[in-house]
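A short reminder: the numbers here are calculations on the coordinates, not readings from a lab. Everything numeric here is computed off the predicted structure, so don't read it as measured data.
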Amino acid sequence: MQILNEIIRQSAIGSLSKWYQSAVLLVFSSIVVMLFTMLVVLLANASQISTNFSYLFGGVI
């Protein structure tokens, strides 16, 4: 825990109040958890996903 506090203190949010630090860390960790959940769902359902890249070439291909 001491290492985490030192990292926060020396980061860009180190000069902010504890309330702002907590809010920033909460938003960051929420985004990380959401991305990890999306990755797990994507990998779990990978066989059901169909991809079509023809829109990249304006429908030419």
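Once the Kirkwood radius over Cα pairs is known for the chain, the Stokes-Einstein relation at 25 °C and 0.890 mPa s delivers a diffusion coefficient of 161 µm²/s. For the chain, the longest principal axis of the C-alpha atoms and the axis of helix 18-44 are separated by about 30°. For the pair Gln48 and Trp19, the difference between a 0.36 nm per residue extended length and the Cα-Cα distance amounts to 6.1 nm.
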